[in-house]
Each structure stands twice: as structure tokens, then as C-alpha cells.
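The values are calculated or read from the model by the stated rules, or taken from the named source; none is laboratory data. Since this is a predicted model, take the numbers as computed values, not measurements. Here the Cβ positions follow ideal geometry from the backbone for every residue, glycine too, while neighbour counts run over all protein chains shown. Just the protein is used for accessible areas: all its heavy atoms, side chains included, with ligands, DNA and RNA removed. Shrake-Rupley method; radii C 1.70, N 1.55, O 1.52, S 1.80 Å.
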Amino acid sequence: MTIRFTMDKITRDGNPVLRQIAQPVPFPLSEEHAQLAKDMMTYLVISQDATQNESYDLRPGVGLAAPQVGYSLQIAAVLVPSLDPHESDDEPYFKGTIFNPTIISESVKRGALDVGEGCLSVDEDVPGFVPRANHVTVRYQDEQGTVKTIKLRDYPAIVFQHEIDHLHGHLYYDHIDLKAPWQVDDDTKYIE
Ligand code: NI
């Protein structure tokens with residue numbers, strides 16, 4: 001596997017591309033866009049490999065959105081490992097590159113990771129709960145342009161919302177209540 005995107009290619013907070021509304025991707029996919037999507041997934045695969053990520057000095061990631069590699073396009077690579085820690089060699093929970101994703105429904109119930117969130121584009125962690133919807137239904141296109149719908153809850157739902165946020169110019173800390181970052185809310189599920 002050859003790697004095109006290393007940490008020096010990841011756009012950082014302050015780069016205007018991270019605050020732009022990303023453009024829809026036309027289908028059939030151009031060769032350039034298909035290659036971009038593949039290269040984004042390669043980043044995630046290598047970043048999650050304990051030996052390889054060190055040699056490339058990659059911060060591990062479960063999602064990477066096109067604006068994070070400098071393209072204002074509605075593409076995000078998602079690689080959520082198996083949710084069963086005893087079966088780490090198992091198939092990932094979700095591995096795919098999603099195009100033109102939209103959240104078509106979301107729960108009233110909120111969900112937040114109990115440790116907060118991080119982002120490859122944000123070097124200095126901003127602490128605090130990042131409240132989102134606990135359940136979402138996402139519609140997107142795959143590489144072939146086929147429209148897919150996926151229902152997600154808990155951790156994977158958080159990951160998809162984080163990535164889709166990137167396509168709308170939002171960063172995770174936009175959702176943190178900076179006055180009371182760890183304020184617990186009864187209607188929110190805190191996800192381990
Ligand atoms: Ni991010």
C-alpha cells in the first residue's frame with residue numbers, strides 16, 4: 001500500500017477549507033475522486049495498524065473527511081473497528097467511503113463519548129462532552145453511486161456525525177459548552 005496522505009498533508013484548524021461547505025460529488029465518480037477516496041481510506045487503515053502507523057508517524061483515526069486533506073468535497077472515509085474488543089481481528093464494524101452523506105433522521109436522545117472527541121485536524125485537544133444525536137439514519141452514495149441507508153447508534157453514530165460535520169464546516173469543539181464542558185445532562189447517554 002502506498003500512502004499519499006501523511007500528517008503533514010492533514011489540514012489543521014485555522015485552514016479555511018475546514019470551515020467551508022463541501023461540494024457534492026458527481027457520479028459516475030471521476031478517476032481523481034475515486035483515487036482520493038481510496039487514499040483517504042489508506043490513511044485510516046495504516047493509522048490503525050500499530051506497527052505501520054509508527055513508521056509513517058500517523059495519528060490513529062476512525063474517520064477522515066476530504067476537507068481534512070484539502071478538498072472541499074462531500075467525501076468521508078470511515079473505518080470503525082469491530083465493537084467487540086475480544087474479536088479485534090474481526091471484520092470492522094464499518095469500512096467504507098461515503099459520498100454526499102446526509103443525516104435523514106436523528107433521535108431526540110442525545111449521546112456523547114464519555115472521554116470527549118478528538119480530531120486529526122485539531123492538534124490541541126479541546127476537553128468536554130460533545131453532545132450529538134444518539135441514533136442517526138444516514139443516507140449516502142458508495143463508490144458506484146448506489147444510494148445506501150444505514151442506521152447507527154452509540155459510537156458509530158458519533159463517528160458518522162463527526163465526519164458529516166466536517167462536510168458542513170463544523171469542528172467537534174463547536175458543540176462543547178465551554179462554560180461547563182463536563183456538565184452531565186440526564187437526557188444524554190454517555191458512551192464508553
Ligand atoms: Ni475530525
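Observations, loosely collected:
- Ranked by how many other beta carbons lie within 10 Å on average, peptides 33-44, 116-127 from highest: 33-44, 116-127
- Local net charge near THR137, Cβ-Cβ under 13 Å (Lys/Arg +1, Asp/Glu -1): +3
- Residue among ASP154, ASP165, ASP114 with the largest mean-square fluctuation in a Gaussian network model of the chain, springs linking Cα atoms under 10 Å: ASP114
- For the options LYS148, LYS109, LYS179, a Gaussian network treatment of the chain with springs between C-alpha atoms closer than 10 Å singles out LYS179 as fluctuating the most.
- Relative to the longest principal axis of the Cα atoms of the chain, helix 31-47 runs at roughly 50 degrees.
- For the chain, the square roots of the Cα gyration tensor eigenvalues, ordered a ≥ b ≥ c, give a/c below 1.5, which places it in the rounded category.
- Using a probe of 1.4 Å, the accessible surface attributed to SER30 totals some 50 Å² when neighbouring protein chains are kept in position.
- Only protein heavy atoms count here; on that basis, with a 1.4 Å probe, ARG110 has an accessible area of about 70 Å².
- Between helix 154-166 and the chain there is an angle of about 60 degrees, using the helix long axis and the longest principal axis of the Cα atoms.
- Taking all protein chains together and a 1.4 Å probe, the residues SER55, SER82 rank SER55, SER82 from largest to smallest accessible area.
- For ARG4, solvent-accessible area (1.4 Å; no DNA, RNA or ligand), Å²: 80 Å²
- Alpha carbon centroid spacing (whole Å) that separates the range 136-192 from the range 8-73: 18 Å
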